[in-house]
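The values are calculated or read from the model by the stated rules, or taken from the named source; none is laboratory data. What you are looking at is a predicted structure, and each value in this text was computed from that prediction instead of being measured. FYI the Cβ positions are ideal-geometry reconstructions off the backbone, even for glycines, and counts take in every protein chain you see. Quick note on the areas: whole protein, heavy atoms, side chains included, nothing else; ligands and nucleic acids left out. Shrake-Rupley method; radii C 1.70, N 1.55, O 1.52, S 1.80 Å.
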Amino acid sequence: MIWESFGAAALGLALSWAALRSLSHRLPSGRAVYLTGPLGALFGACLTHAALGPGHVVATLIGAVSVGAVTLSLLIRPRRRRTPSAAAQ
C-alpha cells in the first residue's frame, strides 16, 4: 500500500503538471493545482484499494489517475465570452 501511495502521488503530480501546461489560462493558481492533483489521486488510490483489495496495483493506479483527473477537472473555469452582453449594448 505504501508503494501504491507513492505511485499515486507521483501520477497526481504528473497529471497536475500536464494540466497546468495545457490549460494554464483556465485553471487557478499553480499551488492549488499542484495540491489538488496528488490529493485527488491519493483519494482515488485509497478508494480503489478499498474496493478491490490488495494485489491489484495496476487497477489501483488507474483508479488514482481517474479520480485525480476528475478532481482537477473541477478546477477548470469556463471560457469567457467575447461577445458583449445585452446590457452593454
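Karplus-based coupling profile of region 62-78, in residue order and whole Hz: 5, x, 5, 5, 5, 5, x, 5, 5, 5, 5, 5, 6, 8, 5, 8, x, with θ = phi - 60° in 6.51 cos²θ - 1.76 cosθ + 1.60 and x standing for Gly or Pro. Note on region 1-48: Cα convex hull, mean projected area over all directions, 3.1 nm². May I ask you to give the percent of accessible area on the chain that is carbon plus sulfur, with a probe radius of 1.4 Å? Using a 1.4 Å probe with all protein chains present, the chain comes out at 67 percent carbon and sulfur.
Per residue, the chain exposes an accessible area of 70 Å² to a 1.4 Å probe, with every protein chain left in place. Entry for the chain at q = 0.15 Å⁻¹: log10 I(q)/I(0) = -0.56, Debye formula applied to identical alpha-carbon scatterers, no solvent contribution. Placing unit charges on the Cβ atoms only, positive for Lys and Arg and negative for Asp and Glu, gives the chain a dipole magnitude near 740 debye about its Cα centre. Using the Karplus relation 6.51 cos²θ - 1.76 cosθ + 1.60 with θ = phi - 60°, the per-residue 3J(HN,Hα) values for region 31-45 come to 4, 5, 5, 5, 8, 5, x, x, 5, x, 5, 5, 5, x, 5 Hz, with x marking Gly and Pro. Below 15 angstrom from the Cβ of residue 20, what's the summed charge of the other residues (Lys, Arg +1; Asp, Glu -1)? It works out to a net charge of +4.
Shown in residue order for region 14-25 are the 3J(HN,Hα) couplings computed by the Karplus curve 6.51 cos²θ - 1.76 cosθ + 1.60 at θ = phi - 60°: 5, 5, 5, 4, 5, 5, 5, 5, 9, 10, 5, 6 Hz (x for Gly and Pro). Taking label points 7 Å from Cα along the Cα-to-Cβ direction, residue 58 and residue 70 give a separation of 2.2 nm.
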